[in-house]
1. If Ala147 meets every condition in (1) aliphatic (A, V, I, L, M); (2) within 30 Å of Leu78 (Cα to Cα); (3) assigned to a helix (DSSP H, G or I) apart from one, which number is that one?
2. Test of understanding: among Ile161, Ile175, Ile180, which residue is of a type in the set (A, V, I, L, M) and touching a Pro at 6+ places or on another chain (Cβ under 7 Å)?
3. Inside region 239-261, can you point out the residues that are more than 16 Å from ligand 1 (Cβ to nearest atom) and at positive phi?
4. Residues that are touching a strand residue (DSSP E or B) at 6+ places or on another chain (Cβ under 9 Å), away from ligand 2 (no atom under 16 Å from the Cβ) and modelled with pLDDT of 95 or more: find the helices (runs of 4 or more DSSP H) completely inside region 39-143 holding 3 or more of those.
5. Please go through region 264-305 and give me each residue that is among the hydroxyl-bearing types (Ser, Thr, Tyr) and surrounded by fewer than 18 Cβ atoms within 10 Å (Cβ to Cβ), ordered by number.
6. Of the conditions (1) more than 22 Å from Gln210 (Cβ to Cβ); (2) open to solvent by 20 Å² or more (accessible area, probe 1.4 Å); (3) within 16 Å of ligand 1 (Cβ to nearest atom), Arg46 satisfies every one except a single condition; which number is it?
7. Going through region 308-338 one residue at a time, which ones are in a helix (DSSP H, G or I) and among the hydroxyl-bearing types (Ser, Thr, Tyr)?
8. Condition first: surrounded by fewer than 24 Cβ atoms within 10 Å (Cβ to Cβ) and either aliphatic (A, V, I, L, M) or part of a helix (DSSP H, G or I) (or both). Now tell me which residues in region 371-391 satisfy that.
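The values are calculated or read from the model by the stated rules, or taken from the named source; none is laboratory data. Model, not experiment: these values are computed from the prediction. Note that we place each Cβ from the backbone using ideal geometry, even for glycine, and neighbour counts take in every protein chain shown. The area values use the complete protein model at the heavy-atom level, side chains included, leaving out ligands, DNA and RNA. Shrake-Rupley method; radii C 1.70, N 1.55, O 1.52, S 1.80 Å.
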Amino acid sequence: MPATALDTAFQKCLNSACGATFGVDEVLTACPQCGDLLDLNYDWDRLPVPRSLRDFEAKWSNRRDPLDYSGVWRFRQLFPFAEDRQIVTIGEGQTILQQSDSVAGYVGMDTGRLHLQYEGLNPSGSFKDNGMTAASTHARMVNARTAACASTGNTSASLAIYASTTRLFRVVVFIGSGKIAFGKLSQALDYDARTIQIEGDFDDALARVQEVARERGIYLCNSVNPFRLEGQKSIMFRVLEALAWEPPDWIVVPGGNLGNSSAFGKAFAELKQLGLITRIPRLAVINAAGANTLHQLVNGHGVRWNGGTPDTARIDAFFDKMDADNHRASTLASAIEINRPVNLRKCLRALEVCDGVVREVSDQEILDAKAQVGAGGFGCEPASAASVAGAKKLRAEGVIAPSDRVVCILTGHQLKDPDATVAYHSADREMFDKKLGSRGVKSAAYANSPVVVPNQLEAILAALEA
Ligand SMILES: *Cc1c(COP(=O)(O)O)cnc(C)c1O
Ligand SMILES: [Zn+2]
């Protein structure tokens, strides 16, 4: 009898001194023995692992099968925790890798060397669908009746779309007050999720939802959920696929809760372990300056993965001081406005695996980069543009060479946060200052302001000539 996922996949504590393991039929968001994060592991020796990544191309001829159509589940042999009949998919992962020479020029790269991975093209408009399809699958495996998440917006939009299209479970989303971009809030409401707005910020909402989930046995879909991160590995598989399986030199990704960066590092470590790639790209994780915990810990305090034993005392002292000072995250890039990244330890491991670097960028740099991404086509929300702003910074420092092949992950769709975009391009100084000035944004070098004219043909024709 062939092995089933229940035999060959298991959850394992990230803390090597503990190393406790649990079945994939258990619902856990932390190790019950030591409290560390959990990871999915597989008995690869007992599984049908593809001999070459090219084997995945055969799936394209089988696109009528929803699992092979999905840009996530097409790669399910690389995260085999579910049986095919249990998988929940809504056709996520139809995203593209686009060479952008205009953005390459802005970043300071040679023509043809910069690529943008447009994860905003997912069903709910952000990369979160890559993970939520996997978390929804696990929720179905364990017969969850209610699922919940705390969110800066995109996680709730994603969870809500999976629940409303499949009707497999109810959804409760927790959001902070006044911090959520309207495009995202509108999705949770429209997709019929029960939405609880807490008087506090994201870090508060996450702490509360974890309590509520424990109290009521609700299935938790934040990125502490290890199944979610398995789905997010597929972003890297699609990047490799688009580059004909040749790893790029750099992956640049915004860092919020650090789920994506963690998943990317795990993906590459596993591909290498399985002999499917020989070279691992370097990883650059980009914080917003107003939410720069990772940057401070790595570049300021020298915290490293350190073979699985990062300097916990130093990390704890950092957070104690943050609490004592009541220091709150503050950036226009609301999707990464997070001061207590839950996947910090996994991200440290990813930085180790990928010889990674961390940088911070200001809201000014983010919005300028965002305008350049938009002018080059497709567009993105502010948090996503941190990747491009970060690549520009690393290029200026000489860490990235002009001839390197660089992939910036655009995590969310342009329409998620139209307020920030309109304010940036607006000629109305009052509007600009109200939305952006308070965040230290002083100028809009790439503004494309609407031209105001009287309702009169001559004036309009004159405006066209200008
Ligand atoms: C969630 C999110 C991020 C942050 O990703 P993490 O995995 O939490 O680091 C960045 N950009 C967008 C658009 C997001 O929705
Ligand atoms: Zn443990």
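1. Here Ala147 meets the rest and fails (3).
2. Values: Ile175 fails: touching a Pro at 6+ places or on another chain (Cβ under 7 Å); Ile180 fails: touching a Pro at 6+ places or on another chain (Cβ under 7 Å).
From the options Ile161, Ile175, Ile180, the qualifying one is Ile161.
3. Ala244, Trp245
4. In region 39-143, 101-107, 128-141 are the helices (runs of 4 or more DSSP H) which contain 3 or more residues that are touching a strand residue (DSSP E or B) at 6+ places or on another chain (Cβ under 9 Å), away from ligand 2 (no atom under 16 Å from the Cβ) and modelled with pLDDT of 95 or more.
5. Thr278
6. Of everything listed in (1) more than 22 Å from Gln210 (Cβ to Cβ); (2) open to solvent by 20 Å² or more (accessible area, probe 1.4 Å); (3) within 16 Å of ligand 1 (Cβ to nearest atom), Arg46 misses just condition (3).
7. Thr312, Ser334
8. Those that are surrounded by fewer than 24 Cβ atoms within 10 Å (Cβ to Cβ) and either aliphatic (A, V, I, L, M) or part of a helix (DSSP H, G or I) (or both): Ala371, Gln372, Gly374, Ala375.
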